[in-house]
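First the structure, in the form of structure tokens, and then the observations on it.
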Amino acid sequence: MPGQFIDQLKSSFRGELIQPNDAAYEFARKVYNGMIDKHPRLIARCVDVADVIAAVRFGVDSGMLTAIRGGGHNGGGLGTCDDGLVIDLSRMKGIRVNPADKTVRVEAGCVWGDVDHATHAFGMATPCGFISTTGVSGLTLGGGIGYLTRKYGLTIDNLLSVDMVLADGRFVIASNKENADLFWAVRGGGGNFGVVTSFEFRLQPVNMVQFGPTFWPLEESTTILSAYRDFIKTAPEDVSGFFAFLVIPPAPMFPEHLHLKKVCGIVWCCTASAEQTEEALKPIRSLGHPLLHQVGPAPFPVVQSLFDGLFVPGLQWYWRADNFTDLNEEAIAQHAKHGSAIPTMLSTMHLYPVNGAAQRVGKNDTAYSFREALFAEVIVGVDPDPANADKITKWCKDYWEALHPFSAGGAYLNFMMEEGQERVQAAYRDNYQRLSAIKKKYDPGNFFCVNQNIRPAE
Ligand SMILES: Cc1cc2nc3c(=O)[nH]c(=O)nc-3n(C[C@H](O)[C@H](O)[C@H](O)COP(=O)(O)OP(=O)(O)OC[C@H]3O[C@@H](n4cnc5c(N)ncnc54)[C@H](O)[C@@H]3O)c2cc1C
């Protein structure tokens with residue numbers, strides 16, 4: 001560690017600086033995915049924007065590889081690096097709801113549970129994901145797919161402005177009015193353009209939702225998936241639900257005879273009333289021989305945190321993903337084949353509907369490009385035991401390869417591991433060139449490179 005740089009940083013830094021010999025290091029270096037085992041040289045845990053500016057300047061001056069960490073949930077472990085600097089934002093937790101404007105300002109170290117808690121008190125929410133422990137930062141900068149996507153769009157469709165620190169240490173605000181090119185780029189372009197220190201979101205009137213699953217036997221998956229595909233194309237936007245292959249966890253909320261059973265199912269989350277939801281779901285819930293249909297009212301933050309206890313930090317995760325504009329019968333047959341072969345209790349395949357409000361934004365209106373997609377598919381191999389890492393990885397890859405020929409050609413970047421430049425470009429399609437030009441303007445030296453990297457234009 002170049003001594004003069006670290007002394008300089010210490011003099012202008014209020015947070016913690018954690019190095020390999022410190023007691024806090026082992027815990028601080030860990031990210032959510034237990035498959036990622038990286039050893040940074042310095043973790044700079046910032047408490048405010050001034051700390052972020054100091055840390056970015058330190059990273060540039062010392063020439064160290066620099067990673068930005070929001071919630072640390074990234075599948076490929078892009079919130080950390082070996083031998084470099086991690087700018088850790090996890091202590092920046094401020095949230096301010098403005099109920100009159102229906103907006104919320106969120107600091108970059110928040111996870112979605114923090115935001116749900118703060119906004120639910122006002123009967124509002126901003127569209128986020130399916131689990132409350134995911135970082136606001138990484139999820140938003142990649143796009144943000146969740147229960148409210150069909151009704152209120154992606155998370156970025158509700159983003160009003162960001163505060164940012166650029167590679168040259170400058171602080172800027174980006175919105176439709178200021179630095180509009182940068183604002184376009186951060187809505188899907190990930191951490192490529194600078195460190196976002198806070199986000200301003202529009203809030204939506206979401207309080208209680210109708211939530212719960214319908215499960216069917218695996219043998220009925222072809223019929224159910226075909227019906228779900230057709231249903232979700234035209235379902236009212238108040239009705240949402242993702243299709244899954246899963247193993248029912250041995251949790252008290254499920255009848256014991258279903259525990260550890262492999263099934264297919266739809267996890268519903270509807271913003272309609274209980275009566276309207278039941279009416280809307282009738283055609284699909286009466287198909288085949290449902291094993292369980294358990295949909296009822298729940299506060300949105302409860303729904304958001306329901307899977308937290310199942311997917312705890314430190315598990316082994318391997319991810320594969322793609323976007324789909326439709327699913328033909330052959331693709332559905334491949335789903336039935338590979339979905340039935342789930343290798344471990346926590347492994348799963350989800351098809352998230354991304355139509356409705358998310359499709360009303362043009363594909364060149366934000367960096368996130370797959371606006372015509374009907375589904376974002378994600379296949380995740382998950383298990384606590386590192387000895388099963390190969391098994392879950394192989395299942396994921398085989399499943400993905402069988403479905404990829406039917407896909408729209410690219411994935412949602414937040415559901416990818418590190419898969420190379422070709423896959424990054426496939427995710428951005430004709431937005432890549434514009435992103436690359438904006439990258440050159442704001443980060444010509446590619447200082448922010450620990451991410452799904454957009455290269456500065458030549
Ligand atoms: C269990 C689980 C559930 C998930 N569910 C969903 C879901 O429902 N919907 C969805 O859309 N995604 C979901 N994801 C994917 C998630 O969006 C990505 O993993 C995302 O990268 C996580 O953000 P983070 O801040 O926690 O990640 P981190 O690992 O901290 O960072 C991820 C990337 O973002 C960059 N970054 C982080 N913070 C900043 C910042 N403040 N400024 C600039 N760059 C930054 C980093 O450089 C890195 O490249 C889920 C992931 C997990 C593990």
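Computed quantities for the displayed model
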| quantity | calculated |
| --- | --- |
| Global size of the chain as Cα Rg and Dmax, reported in angstrom | 21.6, 70 |
| Over the range 1-64: Kirkwood hydrodynamic radius from C-alpha pairwise inverse distances, Å | 12.5 |
| Distance from the range 166-197 to the range 409-458 (C-alpha centre basis), Å | 15 |
| More than 14 angstrom apart: percent of Cα pairs within the range 67-116 | 57 |
| Rg [Å, one decimal], Dmax [Å, integer] - the range 381-458, C-alpha atoms | 15.8, 45 |
| Relative frequency of Cα-Cα separations exceeding 20 Å in the range 147-225, percent | 51 |
| Hydrodynamic radius (Kirkwood) for the range 306-458, which is based on Cα pairs only, to one decimal in Å | 16.9 |
| Cα-centred dipole magnitude for the chain, charges only on beta-carbon of K, R (+1) and D, E (-1), debye, nearest 20 | 560 |
| Two-site FRET efficiency, HIS259 against LYS30, from Cβ-Cβ distance with R₀ of 25 Å, rounded to 0.05 | 0.25 |
| Rh by Kirkwood over Cα pairs, then Stokes-Einstein D for the range 211-255 at 1.567 mPa s and 4 °C, µm²/s | 106 |
| Other-chain or far-sequence residues with amide H under 5 Å of VAL354's (modelled H) | PHE375, ALA376 |
| Among GLY410, GLN425, GLY3 - extreme Cα towards positive end, dipole of the chain, charges at beta-carbon | GLY3 |
| In nm, spacing of pseudo-spin labels at HIS404 and GLU279 (7 Å Cα→C-beta vector) | 4.6 |
| Relative counts (whole %) of C-alpha pair distances in the range 230-291, using bins that are 10 Å wide | 19, 46, 31, 4 |
| Solvent exposure ordering (accessible area, 1.4 Å, most first) of PHE130, PHE300 | PHE130, PHE300 |
| In the range 149-234, trypsin sites (Lys or Arg not before Pro) in a DSSP loop with at most 12 other beta-carbon atoms within 10 Å | ARG170, LYS177 |
| Alpha-carbon spread of the range 205-350, three principal axes, descending order, Å | 37, 36, 31 |
| Share of carbon and sulfur in the accessible heavy-atom surface of the range 323-458 [1.4 Å probe, %] | 51 |
| Dipole of the range 190-247 [Lys/Arg +1, Asp/Glu -1 at C-beta], most positive-end residue of PRO213, ALA235, SER198 | SER198 |
| Value of relative contact order over the range 136-188, rounded to a whole percent, pairs C-alpha under 8 Å and six or more apart | 33 |
| Extension gain (nm, one decimal) between ASP230 and ALA298, 0.36 nm per residue minus Cα-Cα | 21.8 nm |
| Ratio Rg/Rh [Cα only; Rh per Kirkwood] for the range 17-127 | 1.04 |
| Extended-chain gain in nm, criterion 0.36 nm per residue less alpha-carbon gap, ASP48 and GLU418 | 130.2 nm |
| Area accessible to solvent at GLU16, 1.4 Å probe radius, in Å² | 60 |
| Calculated SAXS-style log₁₀ I(q)/I(0) at q = 0.19 Å⁻¹ - the range 277-389, Debye, Cα scatterers | -1.38 |
| Once the Cα gyration tensor of the range 318-358 is diagonalised, semi-axes √(5λ) in Å | 21, 15, 8 |
| Whole-number accessible area per residue in Å² for the range 316-416, which is evaluated in the context of all protein chains at 1.4 Å | 33 |
| For the chain, share of DSSP beta bridges that run antiparallel, in % to the nearest 5 | 90 |
| Debye-sum result for the range 90-176 in log10 I(q)/I(0), which assumes one identical scatterer on each alpha carbon, at q = 0.17, 0.24 Å⁻¹ | -0.71, -1.38 |
| log₁₀ of I(q)/I(0) at q = 0.34 Å⁻¹ - the range 151-193, Debye sum with one point per alpha carbon | -1.31 |
| Computed [θ] at 222 nm, deg cm²/dmol, the chain (DSSP H ≥ 4; -39,500 (n - 2.57); rounded to nearest 500) | -8000 deg cm²/dmol |
| Built amide H within the under 5 Å cut-off of ASP383, gap 5+ | GLN316 |
| Simple label model, 7 Å out from Cα along Cβ direction - HIS289 to LYS337, nm | 2.6 |
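The values are calculated or read from the model by the stated rules, or taken from the named source; none is laboratory data. Fair warning: this is a prediction, and the values are worked out from it, not measured in the lab. No Cβ is skipped: glycine too gets one built from the backbone with ideal geometry, and neighbour counts run over all protein chains shown. Accessible surface areas use protein heavy atoms only, side chains included; no ligands, DNA or RNA. Shrake-Rupley method; radii C 1.70, N 1.55, O 1.52, S 1.80 Å.
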